[in-house]
Structure formats: C-alpha cells, structure tokens
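Structure first, commentary second.
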C-alpha cells in the first residue's frame with residue numbers, strides 16, 4: 001500500500017456495527033472511498049458519509065435472500081490483484097476492476113446462534129460465505145490489501161490510521177489474525193455438524209511469557225485473558241502465576257458465602273467463609289500464615305479498605321476479586337509489582353486438555369459439587385447442621401487439592417490439608433501435624449477425603465484426634481470397616497458417591 005493512492009477504496013460489510021464510526025471516519029480522512037452493502041451501507045449513510053453500493057460496482061443486486069452480495073469478479077479481482085504484476089494490472093484495466101485496498105468485514109454469529117439454541121435451519125443460515133471469502137482473499141493479498149476482520153481489531157487499526165497507513169508488516173499481522181479467525185470459525189461449524197466438539201484446538205492470540213515453569217523453559221499463553229481478568233496493577237502474569245490464578249478461580253467459584261482463599265502451588269493453604277470480608281481474610285490467613293507468603297489471594301466479594309490494610313502487611317504475588325473499593329485499591333497498589341486482578345463473570349471451557357507422551361488427553365471439567373442435601377448418612381450418628389455445613393465446605397476444598405488429599409475443617413475454616421501424598425494415611429498425618437503447628441484444636445473438626453478409604457486406618461487416626469465427622473465418596477469393598485469404627489466411636493460419616501481425584 002503506497003502512501004498516496006489514486007481513489008483508494010475500502011469495502012465495509014459487517015454484522016456488528018458497534019465501534020464502526022471512528023474507523024469509517026479515519027478511513028475517510030485518509031481519502032478512502034467507501035464501498036458497502038445492505039445494512040452496513042445504510043448505517044454509514046446515516047453517519048453522513050458518502051458510500052457507494054457494491055451493487056453499483058458489480059451491476060448485480062443482492063440475490064438469494066442476501067446469500068450472494070459480494071461474490072463477484074469485480075470485488076474479488078479488486079482485492080486479489082497484485083499491484084506489481086503487469087498481467088494482473090492489464091486484466092484489471094481490461095475488465096474495469098478497481099483496486100480495493102481495505103476490507104472491513106466480520107462474520108455472521110454462528111457460535112452465538114448455536115448457543116442460543118436456535119433451529120438447525122437458522123444455524124445453517126449463519127454460516128458465512130461472502131464474509132469468510134473476503135477475509136481469506138484480503139488476508140492472502142496482504143502485500144497490497146489490508147484486512148480488518150473483527151471489531152476487536154478496530155482500536156489497533158485506528159491507531160495505525162491516526163499516524164498514517166499500514167506498513168507491510170502491519171498488514172501481515174492483521175492477515176495472521178484474519179486466518180486465525182477464519183480457522184476458528186470453520187472449526188465451530190465442523191464441531192456443530194459433527195454433533196459435538198472434536199479435538200481441533202485453536203486459541204489465539206499467543207501471549208509470549210517471560211519463561212515457562214522455570215527460567216530455562218520458554219512459555220506462552222493461548223487465549224483471551226481479557227475475557228477472564230482485568231489487570232489493574234503490577235507486572236505481567238507469568239506461567240506459574242497463570243497456573244495459580246486458574247486454581248484460585250476454580251476454587252472460589254465453589255462458594256456462595258463471603259469467602260477468601262489463599263493458594264500456594266495450586267493448593268489452598270487457607271480458606272474461610274465468614275459474614276464479612278475482613279474476618280474471612282483473617283481466618284483464611286490463619287490457616288497457614290507461613291505458606292501464604294508469596295501466594296495468591298482470591299475473594300468472591302469486593303475487597304474493602306479495612307481488609308486491604310490487613311492484606312498489605314503480607315507479601316503476596318497476586319490478589320483477585322470481583323471489585324475493590326477506591327481506598328483499598330490505593331493501598332494494594334503500594335507494591336509496584338503486586339498483580340491486582342478483577343475477576344470477570346466468564347464461562348470456563350467444558351473440556352480440559354493435557355499433553356502427554358506423543359498425544360493429548362481430554363476430559364470433561366469436574367463440575368460436580370458435593371452438596372449437604374444429597375449426602376448419604378451411613379452411620380448411626382447423624383451429623384449436626386453445623387457439621388453438614390463444614391463437611392460441604394471441606395469437600396469443596398478437597399475437590400481442588402492435589403491427590404491424595406485429606407482436608408480438615410471446622411466452622412467453615414480450613415484447618416489444614418495433606419496434599420499430593422502417595423498414601424492417604426500420610427496425607428492425613430501431614431494435615432494433623434500442620435493443624436497442630438498452628439495451634440488449631442481438632443476436637444469436633446471434620447475430615448474430607450477425595451477418594452474412598454480402602455482400610456479403616458484413616459477414620460481410626462481421625463477419631464483419636466477428636467475429629468467427629470467424615471465425608472468421603474465410599475465405594476471400597478471394605479467400607480463397612482470404616483463405618484463400624486465410626487459407629488463404635490460415635491463419629492458421623494457421609495458418602496457422596498463422587499470421587500474427586502486431581503492429579
């Protein structure tokens with residue numbers, strides 16, 4: 001694209017009109033003549049901007065109910081013509097094909113139509129043909145044509161137009177984004193027509209990270225973090241930060257009460273649900289103030305000034321919350337590298353993937369939460385109302401802790417957990433030692449296990465420490481031994497029927 005063009009043209013045909021005004025004005029200010037179709041043309045006309053109808057260029061009206069508008073040699077020849085190719089230039093002159101230097105187009109909302117539960121025929125009608133063809137043609141000829149394939153790219157395009165015209169490297173960047181959009185769009189159609197998601201992953205753009213899990217490993221993130229977080233302060237998120245943030249978000253989504261959690265290496269070291277944020281923070285920190293150093297804090301309510309003052313005395317990497325009061329934010333920003341994130345309301349992917357060996361594993365996300373109303377009481381002694389609340393609380397934490405795990409809790413506070421042990425007995429012993437090291441009283445505490453007890457040894461140890469209620473999936477051929485011991489010691493135990501391994 002040269003700095004000066006004779007009658008440069010921009011073809012604009014979009015489904016979503018929001019954000020279009022500024023882009024159109026910038027193109028007009030750069031001397032572009034606007035070509036457009038249908039509703040987009042009317043929208044631009046209503047802005048008071050002169051606009052030529054594509055139908056006037058092609059001498060064909062929009063036909064087949066709008067299915068065919070831009071599919072014409074005068075349009076695609078103008079996009080695909082190679083400016084440096086003498087033969088292309090002569091043919092364009094022979095057939096009176098104008099150069100089209102900018103394409104602004106988006107795609108029919110196919111995935112949105114699927115998600116809305118529309119009929120099959122309505123969904124098929126949202127398979128874009130003209131738009132996807134315009135995107136691919138302009139992206140292919142990026143040396144001469146600038147493709148702007150989504151409203152998400154308008155801001156970047158406006159920055160370019162405000163300083164001049166795009167360089168070839170800038171057009172190449174937009175071309176790459178365009179092919180990413182087209183590939184993901186085609187994949188969504190393929191998945192729908194196949195009756196479900198296939199293992200074809202496409203995430204973009206790639207965000208290069210400072211390094212991977214360790215400094216000698218490179219790392220990158222694929223996806224749109226802006227859909228999940230708004231970063232208000234601090235350094236860029238690292239590979240390990242992202243792993244911890246993911247674990248924190250998955251955990252906090254389990255709780256409805258005002259809750260604060262502190263995580264370290266993907267595991268909770270402190271969790272508490274309380275009537276107010278300040279007390280939730282104090283009791284979460286009390287769970288393990290040593291491990292909390294350098295950890296991740298997450299809350300499911302706004303962080304207020306009083307809570308921020310208490311938090312600020314601790315060194316931690318990240319704080320995540322749905323909002324912050326202005327005084328709280330000012331306090332938390334006192335540490336220049338501290339990462340402060342607003343957690344948005346987003347839908348996590350239904351599937352999880354992990355690469356291993358020479359392939360990949362896929363599984364459904366564990367969306368099962370153990371609820372007290374569905375717990376199966378299998379001992380003579382029934383848990384009290386308070387114990388049921390604690391059992392549910394402990395089980396939620398257990399679900400998000402590395403296996404083998406045991407979680408000890410009381411009064412909706414995490415007392416301690418044993419994480420990632422090769423023996424469930426070792427996990428329990430680790431949790432007991434840890435709880436006692438922070439002066440917690442285990443009398444009337446509850447115990448949660450992510451999987452069944454193959455032997456009664458865990459309930460025996462727990463009972464000796466004063467633990468009075470247990471939650472576990474059940475399903476062992478020796479379940480009765482654990483039940484008998486609980487009955488003998490006056491302990492309550494419930495089965496959930498759901499295992500929550502987390503490797």
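The values are calculated or read from the model by the stated rules, or taken from the named source; none is laboratory data. Since this is a predicted model, take the numbers as computed values, not measurements. Neighbour counts run over all protein chains shown; Cβ positions are idealised from the backbone, glycine included.
Points to keep in mind about this one:
- Spans of strands (runs of 3 or more DSSP E) in region 159-258 with at least 1 residues modelled with pLDDT of 95 or more and in contact with a strand residue (DSSP E or B) (Cβ under 8 Å, 6 or more places away or on another chain): 229-233
- Applying the criterion of being out of contact with any helix residue (DSSP H, G or I) (no Cβ under 6 Å at 6 or more places or on another chain) and more than 21 Å from residue 243 (Cβ to Cβ) to the residues of region 260-277, the residue that is surrounded by the most Cβ atoms within 10 Å (Cβ to Cβ) is 273.
- Long-range neighbours under 6 Å by Cβ, at least six apart or interchain, first residue in contact (Cβ under 8 Å) with a residue 40 or more places away in the chain within region 354-373, second part of a strand (DSSP E or B): 360/353; 362/351; 362/353
- Of the set (1) out of contact with any strand residue (DSSP E or B) (no Cβ under 9 Å at 6 or more places or on another chain); (2) within 19 Å of residue 237 (Cβ to Cβ); (3) in a helix (DSSP H, G or I), all apply to residue 329 but (1).
- Residues satisfying the stated conditions in region 142-175, i.e. farther than 21 Å from residue 17 by Cα and within 22 Å of the chain's Cα centre (by Cα): none
- Some residue of region 204-224 being free of Cβ contacts under 8 Å to residues at least 60 places away in the same chain, touching a helix residue (DSSP H, G or I) at 6+ places or on another chain (Cβ under 6 Å) and more than 30 Å from residue 284 (Cβ to Cβ): yes
- Filter pass, residue 142 being within 24 Å of residue 361 (Cα to Cα) and surrounded by 20 or more Cβ atoms within 10 Å (Cβ to Cβ): no
- In region 31-72, the residue that is farthest from residue 7 (Cα to Cα) out of those that are within 38 Å of the chain's Cα centre (by Cα) and assigned to a loop (DSSP other than H, G, I, E, B) is 67.
- Test: residue in region 375-395 that is surrounded by 11 or more Cβ atoms within 10 Å (Cβ to Cβ), touching a residue at least 12 places away in the same chain (Cβ under 8 Å), in a helix (DSSP H, G or I) and over 33 Å from the mean Cα position of the chain (by Cα): yes
- Residues within region 404-434 that are within 34 Å of the chain's Cα centre (by Cα) and assigned to a helix (DSSP H, G or I), tallied: 6
- Flag if residue 70 is in contact with a helix residue (DSSP H, G or I) (Cβ under 8 Å, 6 or more places away or on another chain), farther than 30 Å from residue 172 by Cα and assigned by TED's automatic domain parsing to the domain that holds residue 152: no
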